[in-house]
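Data first, discussion second: the structure below is written as C-alpha cells.
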Amino acid sequence: MERSTTNSESTFRAITTRNFLPFRIIGEPFSQIKIQESNLIDELMLVHRNRGKFDALFLELVLEISKFLSTPLTVGGAVASINDAKSLFDRGADKIVIGRNRDRQSLLSQIVDEYGKQSLVISVDYQSDDLLRGIDDFIRVESLKGYFNFAGELSINNISLDGSRQGVDLKLINFFSNVTDVPLVVGSGAGSTSQIAECFKKGADAVTLGTFLSQTDQSIKQIRSHLNSLGIHIRIDN
Amino acid sequence: MIDIINSPSSNALAVYYAYQDLGINCRIISEASEISKSTKIIIPGVGSFGSLSQYLEFSGFITPIKNAVDNNVKILGICLGMQILANTSEEAPTRKGLGFIDLDCVKIENSDLRVPHTGWDEIYISTQHPITEGLSSIFSAYFSHSYYLPVSSKYRLAEIRYGTAMSAIIAHKNIVGMQFHPERSQKNGRKTLVNFANW
C-alpha cells in the first residue's frame, strides 16, 4: 500500500514490491481487497510502505476496509508506539505487525498486556547477504526466543527474493520452523503452487502472497485445491 | 436491539461492522444501565480474561448481565467473550468469570503444537441448534486463542481438534459461546451472526 502523490481522487494505491521497493501499481486498494476476499483469502496483511508516521488518511483507509472486511486483518508498516497500535486496533485491525521496532521490549509488552499475545505479529526481514554472514550475525537465536515471549506469530521475509517469483527461502523456513514456538508466516518469492506447498512441508504455518496473486491468473480457490492435491491440508469449503 | 459490550481492547467495532454489512441493527454499549433495553447481548472477544473480568465488575455490568440472562435475553460470547461465561480461567486464576457455564478455561499446552492456535480450522458440529442452522456438519472458521474450554457433553454444540478436543460452540439455555471469530470468518461466520440475530 502506498500513498499516491499524483492522483487527488484515490489517495492510496495497492502496489507490488520487488526487494521491498515499489514495483508495480496493481490498482485501487478497495477493489483489490474485495476481489481477493471473494476469492477466499485466509487473512489480509496490509502494510503501509511510507515509513513515516501513520497519517490520518491511512487510518481512515484501515477503518473503511474494516467496514466491509469479513477476514482477519493485520496492519503494520510504521507502528512505533502503543498509541500507533491503539489507533489501528480502534479502527478494526485484529493484529499489528512490528518489524523495525521489534527490539523495543517495552513497546511489545505494552501491546501484549493490553491486546493479548495473539494480536502481535513480529516480523523479521533479512537479505541474502545477511545469510552469507551466517544466521547468528543478523539475528541471534537468543533474541528470537525473546520475541516468542511477546509474539503471537513470527513473520519472515527474505527481501532479496521479494517479488522475484523464484521461490521462498526454504532453508530459512526450516531454520525458523525449528526454533519457533509460535505460528510461522513466510513470504517473499512465491512463484508457483508447488513452491507454496514446499513452504508448508518445511514447517510454515502460513504463506503470504503478493506479486504471485497479482501477476498470475491463479485464483486462491485454484491454489487451495492444488495444494490439497499435493497433500497440504488447507480449507477448501466456505 | 442487539447490544455489543464495548469492553476495552475488544473488537466490538468489527462485530458491529459485520452486522452493519449484513443490514442488521445493533449498537455498541459502554454503560451497564443500557443493558436493561437489550433484547440480545454480545460479549466480543480479544483481550485477556483478567482485564475483561475486571472491566465487567468495575463497570457494573455483572448484575445487569445476570438479570438479563434470568429474563431470557439471549447472550453470545465470542472467543474471550465465551471464556468469560465460564467459572474461571488459568489465564487469571484470581479473577472470576460470569459462571453461566460450569467449566474452567485452561491453557493450550502441547509441545508439538504452536500456541496461540491461530488461523482457520475445522469445526465439527455434534448437536443441532438454531445458531448452527445452515452450516455444514464440518465447517471452517478463524481462531486466535491460547486458552480453551474443555468439551462437556452438557454444553457441546461443536468442537475443534487441536491436539485435544476443545469447545468450538457451546450452548446452555439462552446462552451461546463461540471460540472462533464469526466476524472474521467470512461466509460461515456471517451465517452464525445472522442465526444469532434470528434466534
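Across the range B:122-137, the number of residues qualifying as more than 8 Å from every other protein chain (Cβ to nearest Cβ) and either of a type in the set (A, V, I, L, M, F, W, C) or closer than 18 Å to A:Glu43 by Cβ (or both) comes to 4.
If only residues of the range A:93-118 that are at pLDDT 90 or above and within 11 Å of chain B (Cβ to nearest Cβ) are counted, the one that is farthest from the chain's Cα centre (by Cα) is A:Ile111.
A:Ser219 fulfils the conditions (1) of a type outside the set (A, V, I, L, M); (2) touching a residue at least 60 places away in the same chain (Cβ under 8 Å); (3) more than 14 Å from chain B (Cβ to nearest Cβ); (4) crowded, with 17+ Cβ neighbours inside 10 Å except for a single criterion, (4). With respect to the stated conditions, A:Ser188 is under 19 Å from the mean Cα position of the chain (by Cα), of a type outside the set (D, E, K, R), closer than 22 Å to A:Phe23 by Cβ and surrounded by 17 or more Cβ atoms within 10 Å (Cβ to Cβ). Just give me the residues in the range B:47-86 being charged (D, E, K, R) and in contact with a strand residue (DSSP E or B) (Cβ under 8 Å, 6 or more places away or on another chain), in sequence order. Across the range B:47-86, the qualifying residue is only B:Lys74. The listed residues are A:Ser66, A:Ser31, and the only one of them that is assigned to a helix (DSSP H, G or I), more than 14 Å from chain B (Cβ to nearest Cβ) and of a type in the set (Ser, Thr, Tyr) turns out to be A:Ser31. Restricting the range B:73-98 to residues that are assigned to a strand (DSSP E or B) and touching a Cys at 6+ places or on another chain (Cβ under 9 Å) leaves a set whose member that is surrounded by the most Cβ atoms within 10 Å (Cβ to Cβ) is B:Ser89.
Quick check, is A:Val182 modelled with pLDDT of 85 or more and under 23 Å from A:Val75 (Cα atoms)? Against the criterion (modelled with pLDDT of 85 or more and under 23 Å from A:Val75 (Cα atoms)), A:Val182 qualifies.
Filtering the range A:74-96 to residues that are among the aliphatic types (A, V, I, L, M) and within 18 Å of B:Tyr16 (Cβ to Cβ) leaves A:Leu88, A:Ala93. Within the range A:152-170, the residues that satisfy the criterion of being within 14 Å of chain B (Cβ to nearest Cβ) and under 25 Å from A:Gln195 (Cβ atoms) are A:Glu153, A:Leu154, A:Ser155.
The values are calculated or read from the model by the stated rules, or taken from the named source; none is laboratory data. Quick caveat, the model's predicted, so the values are computed rather than measured. Ideal geometry is used to build each Cβ from the backbone, glycine not excepted, and the neighbour counts take in all protein chains shown.
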